[in-house]
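Everything on this sheet refers to the single structure shown next.
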Amino acid sequence: MENTSKKKTVLSLIQPTGTPTLGNYLGALKNWVMMSKEYDCFFGEADLHSITVRTSPEDLNSRSIEMFAILIAMGLDPEKSIIFCQSHVPAHAQLGWILDCYTQFGEAARMTQFKDKSAKHADNINLGLFTYPTLMAADILIYNADYVPIGADQKQHLELTRDIANRFNGLYGNFFKVPEPFIGKSGARVMSLQEPDKKMSKSDTNQKSFILVTEPADSIVKKIKSAVTDSEARVYYSEEKPGVANLMEIYSACTGRSYEQIEQEFEGKGYGAFKASVAETVVEELKPLQAEYARLIKDRGYLEKCATEGAKKASAVADNTVKECMKLVGFWQY
Ligand code: TYM
């Protein structure tokens, strides 16, 4: 694929499985907005991935529209970045199939997320859950992405993507760009507020463990104030203090301050003052997104127009990659 722009290409997707958490936001979405100012970007929602876990048609539909609104509300500009919904670009599934045939069973079976999700949804260990990472590889390779901004939990999938790209390139010549993960210095692994040795996740049954990006200010404050810490009452970064370390990570990702600076700021102050500052910072961080989201979600016409245009622009690139890829593999061209 020819890229006439000198800028590097960035791609990342998020599953529309519900409102994003503060973890999704600090680990990935905030970096999307930052990178969108500098690079040629493709961002979107991985709705095909989201049906690997059973979802009602109503939820899938409404969550997809809500997620699209959130992506624009948080600051992505549909005029500058290509924002799209994965199922609107059928070439992803097409390349996903081809890449399945260049991925070994054993490689896919090693994916920790597959193991975790199989354990969690033991009654529905479907083939989509197993081939999930090859569809993700297709999402990335189809746009020749240089960088993929993700949280730490997606790193293994990125490594598999690189392996698949290298294998294909080894067989057919240099075709796919081998992508690099972009993982932020802080926020890459936001943990549960109640069990800080577990990832913050919107599917957690304990509502107090996560913060949603659309959550009202008073609820954010309450959840951060009741976050699990320890009895030492001294703010410093240590793996022995996962609750405090998590709040420091959140504070650092919002403010850009280092752990040393945060330690100095709260020297001699207890957890009460620290938690109040973290809560206030998170509320302020999410305020513009929330105001814009409240406005956009009512404008269905605008969201549909953006999704249609995004799909058209993304398809132009994706269709071409699939065509060239199929030519290399030897499919009959007409
Ligand atoms: P998903 O939808 O689970 O999460 C979206 C992004 O949020 C990051 N993330 C977190 N970061 C920090 N702390 C957390 N607690 C946390 N939880 C989630 C994830 O790492 C991710 O970057 N497979 C992907 C979606 C996907 C994709 C892609 C991503 C499909 N195709 C192509 C990149 C490129 C997923 O399930 O993310």
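The values are calculated or read from the model by the stated rules, or taken from the named source; none is laboratory data. Everything numeric in this text was worked out from a predicted model, so none of it was measured. For neighbour counting, all protein chains shown are included, and Cβ atoms are generated from backbone atoms with ideal geometry for every residue, glycine included. For the accessible areas, the whole protein counts, side chains as well, though only heavy atoms, and no ligand, DNA or RNA atoms are used. Shrake-Rupley method; radii C 1.70, N 1.55, O 1.52, S 1.80 Å.
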Going by average Cβ density within 10 Å per residue, which order do the peptides 239-248, 324-333, 58-67 take, highest to lowest? 239-248, 58-67, 324-333
At 1.306 mPa s and 10 °C, Stokes D of the chain from Kirkwood alpha-carbon radius, µm² per second: 76 µm²/s
Would you mind putting 292-303, 181-192 in packing order, based on average other-beta-carbon counts within 10 Å, highest first? 181-192, 292-303
Could you work out [θ]222 nm for the chain from helices alone, using -39500 (n - 2.57) per DSSP H run of at least four and dividing by all its residues? Round to the nearest 500 deg cm²/dmol. -16500 deg cm²/dmol
Using 0.36 nm per residue, how much length does the chain from Asn320 to Ala152 gain when fully extended, once their Cα-Cα distance is taken away? 57.4 nm
Of the DSSP H helices in the chain, the ones reaching 18 Å or more along their long axis in Cα terms and averaging at least 0.5 in Kyte-Doolittle hydropathy are 127-141, 242-255
Euclidean distance of C-alpha centroids, region 25-61 and region 246-263, integer Å: 25 Å
In whole percent, the fraction of accessible protein surface over the chain that belongs to carbon or sulfur atoms, probe radius 1.4 Å, stands at 52 percent
Percent antiparallel among DSSP beta bridges confined to the chain, rounded to 5, stands at 10 percent
Would you calculate the convex hull of the Cα atoms in region 1-138 and tell me its volume per residue in Å³? 128 Å³
Would you list, by chain and number, the aspartates and glutamates whose Cα falls below 12 Å from the Cα of Lys313, excluding same-chain residues fewer than 8 positions away? Glu79
Extending each Cα 7 Å along its Cβ direction at Arg300 and Ala122, get the distance between those two points in nm, one decimal. 4.2 nm
Would you mind working out the accessible area per residue for the chain, using a 1.4 Å probe, and quoting it in Å²? 48 Å²
Among the listed pairs Lys115/Lys287; Lys287/Lys312; Lys155/Lys223; Lys115/Lys202; Lys8/Lys199, which have their C-alpha atoms separated by more than 25 angstrom in this model? Lys115/Lys287; Lys287/Lys312; Lys155/Lys223; Lys8/Lys199
